[in-house]
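Report on the following structure.
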């Protein structure tokens, strides 16, 4: 047992030694392998990090790095502008936008480098696109309805660079300006544009001798070209207006210096931009149009034609204002030409008036006192002007007032001066009747001309009618005086002046004033009708002469009175004035008749009193005196009655 225990102890000791040696070997081995394992672990970690970085690099490269082949497509001038170009451009723009995220890290170098590179590539791409569009514009046919969609797409993309886009539009406007100017010149001198080879079509300048047709043809060509240009540019620039607006808005964000006001929000107005572009395209045409219109107007001296041109220009001005806007170059040009032409019209009318004012023969009234020929000619021209205006504006003249409308300046130039000249020429007539007849003829003719058109009558009819009313009063007084003078009744009226109601009323008024101051009052006696018989005009010989003159005058009185105004051109006017004058004459005669009857009655009362005082035989003396009264009665010497006068003058 002891030996077994010893052997076991020996074995255990040996095992312990072996274990210790193994522990030593393991410890030594561990010491030897620990760095390797640690290095291996490090390498594994590094491998994982490298794989992660590789994935990130691949993703970064795929997103932020554009292949050289694509960059070549984007920047090489030899490569065409196609769908691939726009795809690469869109990717580079996306890279450029995403670079902003890289700038948010601590290390901004990569982001800055990528942004700089993408910016250079984008600039090169936009420059390439700009040059390509310019090249396409040179060969672009706007009259072709199938305008390339790639050009429209290129323009929408280029709008993101406002400076290049506007530069491109400037180039386009210059090219179109040259093209349209050349086409206008061709239409003027060779043939109407687009109809080459048609022998029936004549150049516009063939009608240069006719200003109205010449200017009308030019304006018609410009209008047709403007409409065509607008339609073509609308298809090119405004068909996708929202896309273009978004491009311009994006461009203003990338080029904030392009804004006029940095605080103002800019909204793209496609129609306004279109009108502005059409205006720029037609600058050369507008310049040529202005030169030719001014030249042909300056060389023409017919006022009526000039005013017709004014109406034509006004019509096209309204048309272009609706087409391109009121502030467009063409609309403003036509406003200028309209003013220029109307100014020339006014100058022509002033020249005519100035020439007439020194023509004594033309201003001398004719023997028949008819309207002067120069006024008739002026009114004929005015009628043409009024017809032209009525055809253009008469139906819708909403600016008319009682004092002014759009035709009033024409009347001031083509009517008022001639009427004033004709009126002033009446001063050469010394005879008041002739002068009144002459002026009446003038104003009747003028009234006939202006009353036919409402836009003239509203401003000028009232003054003419007022003047005619004044002249009618003068003529009525002339006719009345003529009847009184020719009949001899004026002598009796003059003698009866103290007995007239107006004189009696005046005398009564003076008496009342004197009664209000008793110290100054004087006895006032009313006129005695019996005193009429003592007046020289009522002596038998004088009264018989007047009665005879009246009898001789009455049979032809109405005819003679009408003949007194025979040079007045309106029979109705003469009849009306004469009838009123006859009525006034009848009232005067009625007054004279009443005075004569009153005088006889008054004398009868006085004589009877005398007979009563001096009579010796009473009734016989009274009878003798009554016979004397009948023998010397005024009524017997002047037997005509008012009724007879009215019948004879009816």
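Normalised size of the range 282-421, defined as Cα radius of gyration per 2.2 N^0.38 Å with N residues, equals 1.22. Coordinate range of the alpha-carbon atoms in the range 440-484 per principal axis, descending: 44, 14, 11 Å. In the range 416-498, the C-alpha radius of gyration followed by the widest Cα-Cα span (Dmax) gives 16.7, 53 angstrom. If the segment from residue 301 to residue 4 were pulled out straight at 0.36 nm per residue, it would be longer than the present Cα-Cα gap by 91.0 nm.
Here the extension length gained between residue 373 and residue 547 equals 58.1 nm, from 0.36 nm per residue of separation less the Cα-Cα distance. If you take the Cα centroid of the range 40-79 and the Cα centroid of the range 207-225, the two points sit 69 Å apart. With neighbour counts taken as other beta-carbon atoms within 10 Å, the residues 85, 315 rank, fewest first, as 315, 85.
Length gained on full extension, residue 26 to residue 416, computed as 0.36 nm times the residue gap minus the Cα-Cα distance: 126.8 nm. Calculate, for residue 597 and residue 462, the FRET efficiency according to 1/(1 + (r/R0)^6) with r their C-beta to C-beta distance and R0 56 Å; round to the nearest 0.05. Calculated transfer efficiency: 0.75.
Relative protection proxy for 156-163, 336-343, 354-361, from highest mean packing down: 156-163, 336-343, 354-361 (other beta-carbon atoms within 10 angstrom).
Of the peptides 12-19, 204-211, the order by per-residue mean of other Cβ atoms within 10 Å, starting with the highest, comes out as 204-211, 12-19. Kirkwood-type hydrodynamic radius, the range 359-479: 15.1 Å, calculated from all non-identical alpha-carbon pairs. Applying 1/(1 + (r/R0)^6) with R0 = 51 Å to the Cβ-Cβ distance of residue 387 and residue 170, what FRET efficiency is obtained, to the nearest 0.05? My answer for the efficiency is 0.60. In this simple spin-label model, placing a label point 7 Å from the Cα along the Cα-to-Cβ direction at both residue 534 and residue 36 gives a separation of 18.1 nm. Given R₀ = 41 Å, what would the calculated FRET efficiency be for residue 477 paired with residue 210, taking r from the Cβ atoms and rounding to 0.05? Calculated transfer efficiency: 0.15. Based on Cα atoms of the range 7-59, Rg over Rh with Rh as the Kirkwood radius reads 1.52. Label-to-label distance, residue 234 versus residue 61, with points set 7 angstrom from Cα along the beta-carbon direction: 5.4 nm. Counting neighbouring Cβ atoms within 10 Å and putting the fewest first, the residues 438, 316, 186 line up as 186, 316, 438. Inter-label distance, residue 448 to residue 14: 16.7 nm, where each label sits 7 Å from its Cα along the C-beta direction. For a paramagnetic label modelled on residue 271 (point 7 Å from Cα along Cα→Cβ), amide N atoms under 15 Å away belong, within the range 304-333, to 320-328.
Could you sort 557-568, 445-456 so that the peptide with the highest average Cβ count within 10 Å comes first and the rest follow in order?
445-456, 557-568
Each reported figure results from applying straightforward, stated rules to the coordinates on display, with no laboratory input. Given the structure is predicted, the values throughout are model-derived calculations rather than measurements. With ideal geometry, Cβ positions are generated from the backbone for all residues, glycine too; neighbour counts draw on all protein chains shown.
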